[in-house]
Amino acid sequence: MQLIRLAGAALFAACLSLVFATVPQRASAQFPLAGQSAPELSGHDLVAGAPAKLSDLRGKWVLLDFWATWCGPCMEKLPELISSAKPYRDEGRLAVFSLSADRPETLERLREAITAQGIDFPVLLPASEGDAAMLQNWAVSTIPATFLIDPQGRIAARDLQFERVDAVLSYFLSEQRPLLSLSASHKVLPDGAIEVKAEVKSSNGTVPADPLKLSLNLAWDEWVYGTEEGQKELVVDYVEHVEPDFALGSLSLAKDGSGSYSFTIPANAKMGAFFYGISLDLPGSEGQGSDGASPLRQWMQSEYEYLVEPVWAPDPQDEFDEMLPPDADPALAEAEDLTERPMPEERAVPRA
């Protein structure tokens, strides 16, 4: 079994749940950036019992939420989202649109949640190959995932699951704010260091007067080699190193609303894979962050990337399942679950 941990959960101190496991994800897919046009979402609305399209809400701000009833953090965040949106919905300035990752076996629970939470906005449920292809445009692989879309259909903010929803809505709906897209690219240098270039652009012509502050989260996994004589296997010890959020520096945008910032992650001989996240403090939002002291932030996450890509040994549970006859009672596999037994070391060998 290939184990890839989602470093973003540790980096951003949020509990994220794996979602849309049946949706094929592009290897380099990322959430759409702030300032970009929001991809279309359409399907059957469980609340109204009729078709619904995200683009039909143009002309209003839209709070878009990807969630599921089996996702604990989603259900914790949902009441906050509903209550924060209500004043702006009552004014007719904001709409809420959502998509559930519930499965057929939890559909009844989803209907109960819709009733219990008093949900009166669209809740779509992906059900076809066409829905799966559409979801690839959003590249949502973890939930909750929450976006704010402006009346022109552009993404104003993303990763709102890390922020207070009421503060974000107040920030963007109270006055004209810059739509700051944050992106980054990187390359591994010959000595093993990682050179990163972050780029920021205001997409609506509003350029902040003051320099923008950038911060970095960095995590990596170390591949620790075996020490026994003649041992050629690569023993993978998942020791995750997380650097607390720290300031990178500041950058000022040019008159056209663009700017860039470069930095280097030092080489680490044991680093087998890495992940980084960059955050941009939204100007004028001091004290509105989730802790009541920090500013609101725009996030950009990198892909989890291997520097040394291992070939993984079979998982003992998978080996056991393969020994079961094809007509075996599914309950047998559960009865003989190996999860409570001591597990051998996770091992891998370098690819030739």
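Things worth noting here:
- Neighbours by Cβ (under 8 Å, 6+ apart or cross-chain): first from region 94-112, in a strand (DSSP E or B); second of a type in the set (Asp, Glu): VAL96/ASP65; PHE97/ASP65; SER98/ASP65; LEU99/ASP65
- Condition check for LEU160 on (1) assigned by TED's automatic domain parsing to the domain that holds PHE275; (2) at pLDDT below 90: one failure, at (1).
- Test: residue in region 8-30 that is within 28 Å of GLY92 (Cα to Cα), modelled with pLDDT under 90 and not in a strand (DSSP E or B): no
- Condition met for ALA139 (at pLDDT below 95 and closer than 18 Å to ALA34 by Cα): yes
- Every test in (1) more than 21 Å from ARG109 (Cα to Cα); (2) of a type in the set (A, V, I, L, M, F, W, C); (3) touching a Ser or Thr at 6+ places or on another chain (Cβ under 9 Å) is passed by ALA85 save one, and that test is (3).
- In region 294-315, the residues that are modelled with pLDDT of 75 or more reach residues that are β-branched (Val, Ile, Thr) with C-beta atoms within less than 8 angstrom, at least six apart or across chains, in these pairs: LEU296/VAL168; TRP299/ILE278; MET300/ILE278; TYR304/ILE4; LEU307/VAL188.
- A search for C-beta distances below 7 Å between a residue of region 70-93 that is in contact (Cβ under 8 Å) with a residue 24 or more places away in the chain and any residue that is β-branched (Val, Ile, Thr) and part of a helix (DSSP H, G or I), counting only pairs 6+ apart in sequence or on different chains, returns TRP70/THR106; GLU80/VAL165; LEU81/VAL165; SER84/VAL165.
- With a requirement of 1 or more residues that are crowded, with 19+ Cβ neighbours inside 10 Å and among the β-branched types (Val, Ile, Thr), the strands (runs of 3 or more DSSP E) lying completely within region 117-208 that satisfy it span 145-149, 155-157, 194-202.
- Selection status of ARG89, of a type in the set (D, E, K, R), surrounded by 16 or more Cβ atoms within 10 Å (Cβ to Cβ) and under 25 Å from LEU46 (Cβ atoms): yes
- Those residues of region 243-282 which are surrounded by 18 or more Cβ atoms within 10 Å (Cβ to Cβ), of a type in the set (A, V, I, L, M) and farther than 27 Å from ALA167 by Cα, in sequence order: ILE265, MET271, ALA273
The values are calculated or read from the model by the stated rules, or taken from the named source; none is laboratory data. Note that the structure is predicted; figures quoted are calculated from it, not measured. Here the Cβ is made from the backbone with ideal geometry for all residues, glycine too, and neighbour counts use every protein chain on show.
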